[in-house]
Amino acid sequence: MTTAPTATASPLLSLPGAVAGDGIDAPVAAHYGGLFREQRELAAGRGFVDLSHRGVVTVSGPDRLSWLHLLLTQHVSELPPQQAAEALILSPHGHIEHALYLVDDGATTWMHVEPGTTAELVAYLEKMKFFNQVEVADATADYAVVHLPAGSTADAGAAAAVRELPYGRDLFLPRAELAAATAGYGAPSGLWAYEALRIEAHRPRLGFETDHRTIPHELGWLETAVHLNKGCYRGQETVARVNNLGKPPRRLVLLHLDGSMEVLPPHGAEVRLADGGPDARPVGFVTSSARHHELGPVALALVKRNTAVDAALLAGTVPAGQEVIVPQ
């Protein structure tokens, strides 16, 4: 995905070997000179990833959790302090508009979101306040997100809030202390390494795995970001209907790409049936791709639900085999 960057360049781009990313990820390092080494370090629980280009939003006030509960796909009205959660905001037709990665510290709900989406999210939340006792703030200028991998023994004491996850910890650090705090976290790994592990773990990313008509069922987000037994929220009717029918129009797959090819198919590259040749109709598109230190070149793609699970595919010009993420 390539759109104009919307955040100030991270001070960690001055670290040795840092090479800036592109598009919305341009403000942070894509790598520090060793893509596979950086992946192996993260997989071993060492180092950190600079995610300081992501937006940070806070919600405070006594009604914050009960109010957010009415707006989000996740059950958060009784969210215990320090317990991480993932949630979505949907359109009235059930299409994904925002993905929120949040934690509550007992007084404030902290969340980080995709770069460039903060203003739109804050505007929506402000519009929905009504008489609830809540305060919504764009805290991006004051706080930055850093990721520590699972198994890291780094001291997160400088963080204002921490999201504990199966695959690591997301820290909300004071932005002014970003360079000083991360100096104790070991060697940095770039976003390309983080993305390769994200693709391996089948974790969708807003704006990459989503387009204007994506619904949660297509990406496996029902399991992590949607609570099917909570009360009403915008878009719930679509979620319930498609869940009961069990037939989302598309499904996310992991593609194992031909390692002999020098190029990776970019975001948006068309996916076709290999036996149909270059003139075959597209059955989907590539959403993210990366070179993985163990799996080789891989990608995530959205394909039509009825695409045979054993069908050989072409991702752009690259032959690919499927691994099922969302069942037919």
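Here is a list: Gly246, Gly268, Gly235. Which entry is at positive phi, within 22 Å of the chain's Cα centre (by Cα) and open to solvent by 20 Å² or more (accessible area, probe 1.4 Å)?
Details: Gly246 fails: within 22 Å of the chain's Cα centre (by Cα); Gly235 fails: open to solvent by 20 Å² or more (accessible area, probe 1.4 Å).
Answer to the selection: Gly268.
For region 138-196, list the strands (runs of 3 or more DSSP E) that sit wholly inside it and hold at least 3 residues that are out of contact with any helix residue (DSSP H, G or I) (no Cβ under 7 Å at 6 or more places or on another chain); which are they?
Values: elements: 143-149, 161-165, 168-174.
Where strands (runs of 3 or more DSSP E) fall fully within region 138-196 and carry at least 3 residues being out of contact with any helix residue (DSSP H, G or I) (no Cβ under 7 Å at 6 or more places or on another chain), they are 161-165, 168-174.
Among the residues of region 117-129, what is the count of those that are out of contact with any His (no Cβ under 9 Å at 6 or more places or on another chain) and open to solvent by 30 Å² or more (accessible area, probe 1.4 Å)? Steps first, answer last, please.
So in region 117-129, the residues out of contact with any His (no Cβ under 9 Å at 6 or more places or on another chain) come out as 118-119, 122-123, 125-129.
Checking the rest, the ones that are also open to solvent by 30 Å² or more (accessible area, probe 1.4 Å) come to 119, 123, 126-129.
Number of matching residues: 6.
Take region 225-272 and flag every residue that is in contact with a Lys or Arg (Cβ under 8 Å, 6 or more places away or on another chain) and part of a strand (DSSP E or B).
Going residue by residue through region 225-272, those that are in contact with a Lys or Arg (Cβ under 8 Å, 6 or more places away or on another chain) are 247-251, 264, 272.
The answer is Arg250, Arg251, Arg272.
Search region 172-226 for residues being open to solvent by less than 50 Å² (accessible area, probe 1.4 Å), more than 13 Å from the chain's Cα centre (by Cα) and hydrophobic (A, V, I, L, M, F, W, C), and hand back the single one that is nearest to Pro249 (Cα to Cα).
Ile215
Identify, by number, the condition in (1) open to solvent by 30 Å² or more (accessible area, probe 1.4 Å); (2) within 30 Å of Phe130 (Cβ to Cβ); (3) among the aliphatic types (A, V, I, L, M) that Val59 doesn't meet.
(1)
Please go through region 292-328 and give me each residue that is surrounded by fewer than 18 Cβ atoms within 10 Å (Cβ to Cβ) and outside any loop (DSSP other than H, G, I, E, B), ordered by number.
Of everything in region 292-328, those that are surrounded by fewer than 18 Cβ atoms within 10 Å (Cβ to Cβ) and outside any loop (DSSP other than H, G, I, E, B) turn out to be Gly296, Lys304, Pro319, Gly321, Glu323, Val324.
Looking only at region 177-230, which residues are in contact with a strand residue (DSSP E or B) (Cβ under 8 Å, 6 or more places away or on another chain) and small (Gly, Ala, Ser)?
Ala181, Gly186, Ser189, Gly190, Ala193, Ala196, Gly220, Ala225
Considering region 154-167 alone, what residues qualify as being more than 18 Å from Asp105 (Cβ to Cβ) and in contact (Cβ under 8 Å) with a residue 40 or more places away in the chain?
Listed by number, the list holds a single entry, Ala154.
The values are calculated or read from the model by the stated rules, or taken from the named source; none is laboratory data. Bear in mind that the values here come from a model prediction, so they are computed numbers and not experimental data. Every residue, glycine among them, receives a Cβ derived from its backbone with ideal geometry; neighbour counts consider all protein chains shown. These area figures cover heavy atoms from the full protein model, side chains too; ligands, DNA and RNA do not enter into them. Shrake-Rupley method; radii C 1.70, N 1.55, O 1.52, S 1.80 Å.
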